[in-house]
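K.L.:
Submitted below is the structure of interest, expressed as structure tokens.
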């Protein structure tokens, strides 16, 4: 892997449920990564100068006290700032508390809170003129979906068969193709990076569980969509790298959510010659390099197992030998590149099937 000489480059603290992709991206951007995450996978440790594992945080950091660990990183490694990934969507106040120790870079915690507040987000969509499925907080209509505020990865989504709880809401279900736009934004401009498609791996407990993504797609969205998305982003106060998840029903693009942070498509679109993390930290309005077709698939355990597997080409997020993995938990990510998006998706899925068949 190209990137920084980790003995000389400035240190950057990365905090995410899984920090591997961020660690590799930070190396490409010229930083020395220091990671805090829930897995401590082999390739995360290889990419980073130091890796600290937070126990019982695979669902996020809402119940986790990070201050002591962050203080230790600041004392021992003097990072120039903190870049966050998944894990704070339902607890932005915990992210804000880390500002005491070092600057939180990218989207501010206050903007993350607005983007993940269903009422505030729906109001901002209406103000920007962006189609957004109706939401509510009382008895849901037939066919609606029940979602948890700040949920991610699709694990929190269920059929709405009851009224929402305190941290829940219902959303009208819209059928269509799931697509996502990766972009950067600042006060001056929104710069699209690439479109991707997404799909699910349903299980009995999580019928809308995220499975993977592939891109770049050659999409032609409505002509006014990007200006409206730029207006929405300014209203929410977003900054840096973000993704907007849509459902394309053939007539309209329905915006489901915005993730104002680096996400899963880092594996698809980060590039040695056009660093996404560099864009995230400020260089957002420069021309975008065309991306090659890639796909990334999350492989989930079908039964309780213990690592290692016979890892296929393109496997990442590799658990250390002896790691126990419960049925339904993620084993790893499998990526693939090919001449077109469908071929990359098929190759990644074939590699995932071979890995699952090995246990």
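K.L.:
Return the only residue of 348, 343, 290 being exposed (fewer than 14 other Cβ atoms within 10 Å of the Cβ), under 15 Å from residue 215 (Cα atoms) and out of contact with any helix residue (DSSP H, G or I) (no Cβ under 6 Å at 6 or more places or on another chain).
P.N.:
Going through 348, 343, 290 in turn, the sole match is 290.
K.L.:
Hey, another quick one. What do you reckon, is residue 164 part of a loop (DSSP other than H, G, I, E, B), more than 30 Å from residue 303 (Cα to Cα), touching a helix residue (DSSP H, G or I) at 6+ places or on another chain (Cβ under 9 Å) and free of Cβ contacts under 8 Å to residues at least 60 places away in the same chain?
P.N.:
The answer is no for residue 164.
K.L.:
A further question follows. Which residues, taken from segment 146-161, are at negative phi, assigned to a loop (DSSP other than H, G, I, E, B) and within 22 Å of the chain's Cα centre (by Cα)?
P.N.:
Listed by number, the residues that qualify are 149, 151, 152, 155, 156, 157.
K.L.:
Yes or no: segment 70-79 includes at least one residue that is on the phi > 0 side of the Ramachandran plot and either at pLDDT below 95 or part of a strand (DSSP E or B) (or both).
P.N.:
no
K.L.:
Going by what's in this entry, would residue 327 be described as within 30 Å of residue 91 (Cβ to Cβ) and either in a loop (DSSP other than H, G, I, E, B) or not assigned by TED's automatic domain parsing to the domain that holds residue 206 (or both)?
P.N.:
Yes, satisfied.
K.L.:
Whether any residue in segment 232-254 is over 30 Å from residue 175 (Cβ atoms) and part of a strand (DSSP E or B) is what I want to check.
P.N.:
There is at least one residue in segment 232-254 that is over 30 Å from residue 175 (Cβ atoms) and part of a strand (DSSP E or B).
Yes/no per residue for (1) in the same structural domain as residue 331 (by TED's automatic domain parsing); (2) surrounded by fewer than 24 Cβ atoms within 10 Å (Cβ to Cβ); (3) more than 19 Å from the chain's Cα centre (by Cα):
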| site | (1), (2), (3) |
| --- | --- |
| 17 | no, yes, no |
| 30 | no, yes, yes |
| 34 | no, no, no |
| 55 | no, yes, yes |
| 60 | no, yes, no |
| 70 | no, yes, yes |
| 78 | no, yes, yes |
| 87 | no, no, no |
| 90 | no, yes, no |
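K.L.:
Related question: So is residue 188 assigned by TED's automatic domain parsing to the domain that holds residue 253 and either closer than 21 Å to residue 118 by Cα or buried (at least 20 other Cβ atoms within 10 Å of the Cβ) (or both) or not?
P.N.:
Answer is no for this residue.
The values are calculated or read from the model by the stated rules, or taken from the named source; none is laboratory data. Being a predicted model, the structure only gives us computed values, none of them experimental. Note: ideal-geometry Cβ built from the backbone for every residue, glycine included; neighbour counts use all protein chains shown.
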